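The values are calculated or read from the model by the stated rules, or taken from the named source; none is laboratory data. What you are looking at is a predicted structure, and each value in this text was computed from that prediction instead of being measured. When we count neighbours, we look across all protein chains shown, and the Cβ atoms used for this are built from the backbone with ideal geometry, even at glycine. For accessibility, only protein heavy atoms count, side chains too; no ligands or nucleic acids. Shrake-Rupley method; radii C 1.70, N 1.55, O 1.52, S 1.80 Å.
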Amino acid sequence: MLDALARAIARRPRRILAATAIAAAVCGVLGAPVPGLLVDSTTSFEDPSSAGVQARHLFERSSGLDSAPDVILLVRDATPARIARARALLAADPSVAVVSPAVRSVDRRSAFVAGTFAAGRGDAARLAAAAERIPGVIPGGGAVAADQVGDTVRADLTRAELYAFPILLVLSLLVFRGLVAALLPPLVGGATIAGTFAAMRAVNAALPLSVFAVNLVTGLGLGLAIDYSLFVLSRYREELARSGPGPEALRRTLTTAGRTVLFSGLTVSAALGSLCLFPLRFLYSMGLSGAIGALVAVVVSLVGLGALLAVLGPRVDALAPGFLRRAAARTALPAERGFWYRLSRGVMRRPLAVALASAAVLVACGVPFLHVRFTGVDATSLPASASSRQVQEALQGEFPPTPTAPVYVVLRAPASAGAALRSYAERLRALPGAAEVVGPTRAGPGVWRVDVVAEGRVLSASAKDLVRAVRAAPAPYPALVGGVTAGFLDQQASLASHLPEAVGALVATTLVLLFLATGSVLLPLKSLVMNLLSLGAAFGLLVLVFQDGRLESVFRYSSQGALESTQPVLLFVVAFALATDYGLFLLTRIKEHHDAGLPNGRAVPLGLERTGRIVTSAALLFCVAIGAFSTSRIVFVKELGVGTAIAVLVDATIVRALLVPSLMALLGEWNWWAPRPLRRLQQRLALR
């Protein structure tokens, strides 16, 4: 297949390149509006089938109201006139169905009023903008926070790109060793992102996607473009040095490095696709969008980049300073005395000691993950300057327990159920952690509601215990328990229940694809173990930084004392896919030398010499691309950027430079073992 593709490109390179450019331009036009079309609500983090979501939907259908106040106006220096202006603003808005009485803070200096939208209506951004024009009034609440999260994600994406692209261009000039070559990753990355955005727009029309997927697609698309461009270009230079410019150099490049890119893209896509097994919109949007992005990156790298290399030929090294051109020529020639060759030979002389020491370092880095804590997505994910965060912190710290985010019970009961429900409410009032009970009130025909106000903060241990107690308390009629804390517990239960099947799908597809690529049974299992070690180290360091609040001044964030609960799942899949990507590139090159007749002891250092610089450079560039999201003002986006960068760096250094050669030396020729039936199957199915 790849041989036929190479021959087709060699016959009409300019036509294929022009078609690729036109397709990328069309996709760019179609995909440009995507960031503004995707869902930016915090409902992206909930399981639609959970009890808490069902409770909210039942209440909203019955009452015609949202289940909790949408806009909360905090009034500082709360004079009666200011409070009256804040209430009047809410009351005058046609979408606000309920305006609460003013609630004073403990010190009586501040107050707040809350407005609840009619279900499915309301423009929180417009109300917030109007409220900011009133002296002393700060807008907040769930709807305002959702708008501010979406706006911040879009602004952060633009800023991250502005930071990343100049740095990537300078580093690419050094890594790719020439100006023309350095322009390849931005071209491939731009086409990949444009194609992915266009596909996301089509998918979003039928299956709403989360706006947070934009960050992953941008970082991952650019990162994979860098990886694949570097893999293909480095091999193309080798083939130019071996056989000169022409169809043969392109054919050998696509049937070797191109084969690796193909398997890598399939592996990354399959790994990210495992996130689609989670019902949370945030995760399945990341998985589906990332899987599409990986496949688009493969197509662009094989077809578009292949055609561009065929057109450029040796001119790919044009506009390169002499020292970079000479360095590129040296690395394109066979060598057995480079840094990576010497390092791997040294490691393989003491494989057991190096393997144990490397594993011990990774395990030690991962130990902090044993005391990980989780939190949800709310206004505290925003920077301190965000008005919704200021309002939430004021409500939690300055006011008595109030029903702005209650634990609520929605019951299906007849109109005559008032007495039984009042008795039920009294039993709830006696529960530990209950500060106040409001209701029962009729929400609509056959539906009632009881609110239980928790003494502790939302998502605190006492609030979670209260939710469990309310759910355990016998109800006289069918009841559903909802609210922010209940939703968080439902989210945790959903993640836990879907995690085994997602991990199973991830591991199974990865093992199968690695076996097809290498023809070995043991190498995929060894890669799995090494991936888990590097991921454990990344998770542990992530806990030290973000949960324990270290390096707050460096990364400019305020610790929430926990990690956002979906981030370890997302980081596990993304980092696992990338680690497999780098491992596949190294292992296939070692296999190429081994298949050529070299013993394991020579194939490993030669493979590492050929790929060590490339993998390390690709990892560095990828870390810049994805690590740019460490500048995000959203804490959990920052966690994803920093965590992925750590995982990639750990994998490209400790794992690839030390663990891989040491374990390859320990296993010797067993590295390539496979039962005869499986070997025949691999030879029949795999691209050779």
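Numbers for the structure displayed
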{"read-out": "Members of the range 92-124 found to be without any contact (Cβ under 8 Å) to a residue 24 or more places away in the chain and in a helix (DSSP H, G or I), listed by number", "value": "ALA92"}
{"read-out": "Selected residue [assigned to a helix (DSSP H, G or I), touching a Leu at 6+ places or on another chain (Cβ under 7 Å) and surrounded by fewer than 21 Cβ atoms within 10 Å (Cβ to Cβ)] from LEU173, LEU162", "value": "LEU173"}
{"read-out": "Condition check for VAL503: buried (at least 21 other Cβ atoms within 10 Å of the Cβ) and either touching a residue at least 60 places away in the same chain (Cβ under 8 Å) or closer than 13 Å to VAL569 by Cα (or both)", "value": "no"}
{"read-out": "Flag if PHE636 is open to solvent by 30 Å² or more (accessible area, probe 1.4 Å), touching a residue at least 12 places away in the same chain (Cβ under 8 Å) and either more than 27 Å from LEU352 (Cβ to Cβ) or not in a helix (DSSP H, G or I) (or both)", "value": "no"}
{"read-out": "Condition met for VAL377 (of a type in the set (Val, Ile, Thr), assigned to a helix (DSSP H, G or I) and surrounded by 13 or more Cβ atoms within 10 Å (Cβ to Cβ))", "value": "no"}
{"read-out": "Subset of the range 465-500 [open to solvent by 40 Å² or more (accessible area, probe 1.4 Å), under 19 Å from ALA425 (Cα atoms) and assigned to a helix (DSSP H, G or I)]", "value": "ASP465, ARG468, ARG471, ALA472"}
{"read-out": "Unmet requirement for ALA23, which otherwise passes all of (1) at pLDDT 90 or above; (2) touching a helix residue (DSSP H, G or I) at 6+ places or on another chain (Cβ under 8 Å); (3) closer than 19 Å to LEU157 by Cα; (4) not polar (S, T, N, Q)", "value": "(3)"}
{"read-out": "Of all residues in the range 445-464 being in a helix (DSSP H, G or I) and surrounded by fewer than 21 Cβ atoms within 10 Å (Cβ to Cβ), the one that is modelled with the highest pLDDT", "value": "LYS464"}
{"read-out": "Residues of the range 129-159 classified as part of a helix (DSSP H, G or I) and within 15 Å of PRO383 (Cβ to Cβ), total", "value": "13"}
{"read-out": "Every residue from the range 1-24 that is open to solvent by 60 Å² or more (accessible area, probe 1.4 Å) and within 17 Å of PRO245 (Cα to Cα)", "value": "ARG7, ARG11, ARG12, ARG14"}
{"read-out": "Per-region count, the range 522-545, residues over 24 Å from LEU563 (Cβ atoms) and buried (at least 20 other Cβ atoms within 10 Å of the Cβ)", "value": "4"}
{"read-out": "Residue that is most open to solvent (accessible area, probe 1.4 Å), among those in the range 397-415 that are over 15 Å from PRO69 (Cβ atoms) and of a type outside the set (Val, Ile, Thr)", "value": "ARG412"}
{"read-out": "Members of the range 210-269 that are touching a Lys or Arg at 6+ places or on another chain (Cβ under 7 Å), buried (at least 24 other Cβ atoms within 10 Å of the Cβ) and not β-branched (Val, Ile, Thr)", "value": "SER210, ALA257"}
{"read-out": "Failed item, numbered, when TYR284 is tested on (1) open to solvent by 10 Å² or more (accessible area, probe 1.4 Å); (2) more than 29 Å from VAL180 (Cα to Cα); (3) in contact (Cβ under 8 Å) with a residue 24 or more places away in the chain", "value": "(3)"}
{"read-out": "The range 641-660, residues that are of a type in the set (D, E, K, R) and open to solvent by 10 Å² or more (accessible area, probe 1.4 Å)", "value": "ARG656"}
